[in-house]
1. With respect to the numbered conditions (1) of a type in the set (Gly, Ala, Ser); (2) under 28 Å from ALA300 (Cα atoms); (3) touching a residue at least 60 places away in the same chain (Cβ under 8 Å), which one is the sole condition not fulfilled by SER321?
2. When ARG81 is evaluated against the numbered criteria (1) buried (at least 16 other Cβ atoms within 10 Å of the Cβ); (2) of a type in the set (Lys, Arg); (3) within 30 Å of TYR199 (Cβ to Cβ), which criterion, by number, is the only one it fails?
3. Taking VAL249 and the conditions (1) more than 21 Å from THR339 (Cα to Cα); (2) of a type in the set (A, V, I, L, M, F, W, C); (3) part of a loop (DSSP other than H, G, I, E, B), which numbered condition does it fall short on, given that it satisfies the others?
4. Step by step: first the residues of region 105-154, then only those that are crowded, with 18+ Cβ neighbours inside 10 Å and of a type in the set (Gly, Ala, Ser), then the one that is farthest from VAL8 (Cα to Cα). Which residue is that?
5. Need a quick list: strands (runs of 3 or more DSSP E) entirely within region 125-197 having at least 1 residues that are at pLDDT below 95.
6. Provide a single number: the residues in region 173-204 that are under 27 Å from ALA280 (Cα atoms) and in contact with a helix residue (DSSP H, G or I) (Cβ under 8 Å, 6 or more places away or on another chain).
7. Quick one: would you say SER61 is within 23 Å of PRO124 (Cα to Cα), buried (at least 18 other Cβ atoms within 10 Å of the Cβ) and of a type outside the set (A, V, I, L, M, F, W, C)?
8. Would you check if there is a residue in region 219-236 being aromatic (Phe, Trp, Tyr), more than 20 Å from the chain's Cα centre (by Cα) and outside any loop (DSSP other than H, G, I, E, B)?
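The values are calculated or read from the model by the stated rules, or taken from the named source; none is laboratory data. If you're wondering where the values come from, they're calculated on a predicted model, not measured in any experiment. Because the Cβ atoms are built from the backbone with ideal geometry, glycine has one as well, and the counts that use them run over all protein chains shown.
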Amino acid sequence: MTDTDVLVVGAGPTGLTLAISLLNRGARVMIGDCLAAGANTSRAAAVNARTLEVLEGIDVSRRMVKAGLIAARFTMRHQTRILMPIDFSVLPTRYPYTLMISQATTEKLLVERLTELGGEVLRPKTLTHLTQGRDGVTAAFDDGEDIRARYVVGADGMHSTVRELAGIGFTGGEYPESFALADARLSGEAPDDEVILFYAVSGLNVLAPLPDGIHRIVAPIFDAPEEPSTEFVQSLLDARGFGPGRTQVREVLWGSRFRIHHRVADTYRAGRLVLAGDAAHVHSPAGGQGMNLGIQDAVALADALGEVLHGGSDTALDAYSAARRPIARQVLATTGRLTRLATLPKAARPIRNGAMRLAARVPAVRSGLAWRLSGLVYR
């Protein structure tokens, strides 16, 4: 039986960040994932200022900034009209912007850093059972291997096996709409330095730049196609963009349909089992907070586990849960408000847009949104 200090289940951005942070502290760490290979699609793409700040400690921020695209502006619009400008440039941070970078690239950079520190991802590795004892946890896998760890962390996503085996509830619900997502090459009006939330009469649309001349489009749709076509994405941009014909879709590189839940784990800890990232919380993609919250969980949990592994009280893990869970609830509230604004009845949407323009005149409103969307409010 293999023995380690911490077993991390799940090798997405959260799990990788945690493993790197623990190796950086001299801990023995194993990390496994049920997938044979990492992500090869973009999925999460927006990295905020607070995430870049916390990743400095594991020497990943500079690599991400070099590989990503800096979007200095973040606006909420109706066609060409700005309803709410969000100014990150005034914030007290070295990263006064949104960094746009595909999740595949983020994971690649994290794996490179993990390898530099002597770690590796065990793939494919599917967890089947957990047995807790006084001094540790025995994890059983489908390949017949057992791993003994002092602590096991579930960073294994919304359908977390660790959370399920720990018996931790996942309270919340599901949005009625499905979401259409596409990465495309565009021409015409398609800024490469601005993340835009279009609040159109027909619904919400997110338009965000990615490196290599690609743009991400995300929109809630009741009958979203499984794989959005060029014609479908064009119709979205005509109805929920700068206006008909102002942006042209040249090529759809990748697309999908997904459902969004809004849920938070009832606790982040059950004995020697701890949760982080999507295993602990899921929410609307509005505002681009999901991966950011998970990475910040990972760094906070590494601090707590590092303290415990070096002889401190395991109440540090309770403190981690007590600190991070309310933050997740705040993020759910913020992203939920942005989503509800987008899905108001059609008759109410012109009134909504007028109210947003009025609210934008209040500096405290703009500043508050900038602090929340940048993640700096959670320092």
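1. Of (1) of a type in the set (Gly, Ala, Ser); (2) under 28 Å from ALA300 (Cα atoms); (3) touching a residue at least 60 places away in the same chain (Cβ under 8 Å), only one is false for SER321: (3).
2. (1)
3. (3)
4. GLY136
5. Ranges flagged: 170-188.
6. Final tally of qualifying residues: 5.
7. no
8. Checking region 219-236: at least one residue is aromatic (Phe, Trp, Tyr), more than 20 Å from the chain's Cα centre (by Cα) and outside any loop (DSSP other than H, G, I, E, B).
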